[in-house]
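No lab work stands behind these numbers, since they all come straight from the coordinates. Here the structure is a predicted model, which means the values were calculated and not measured. Here the Cβ is made from the backbone with ideal geometry for all residues, glycine too, and neighbour counts use every protein chain on show.
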Amino acid sequence: MTATYYVQNMLSHKKSAINEQQPKIGATRTLLLHDNAGPHKERATTQSLRELGIRVLSHPAYSPNLALYDFWLLTILKNRLAGQKFDRIQNLTKAVNS
């Protein structure tokens, strides 16, 4: 993926999705976690993020042991899904999103 593709096809959709899912928060109060992939670091991307009002939480290079989602997301999911079994992916998706 190139920075141009990322900006044109991903960022605007991310902002729309965030505003749709979190209308009270909106994209301007949302942090987007980026790794150090080239398209995430290029000027076109960083400029577009600023223009869209999306803040970025950078991920340290070569630090998989510092995956930030491990600190909160997985705990939330484990607690929410504890003791449940799912026979269909749709049921799992519904439980995660509820």
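Descriptive notes on the structure:
- Cut-off under 5 Å, modelled amide H: who pairs with residue 55 long-range: 30, 32
- For residue 34, neighbours were defined as the other residues whose beta-carbon sits under 13 Å from its Cβ, and their charges (Lys and Arg +1, Asp and Glu -1) total +1.
- Ordering of 38-46, 82-90 by packing [mean C-beta count within 10 Å, highest first]: 38-46, 82-90
- Among the listed pairs 41/85; 15/94; 14/78, those whose Cα-Cα separation exceeds 29 Å are 41/85.
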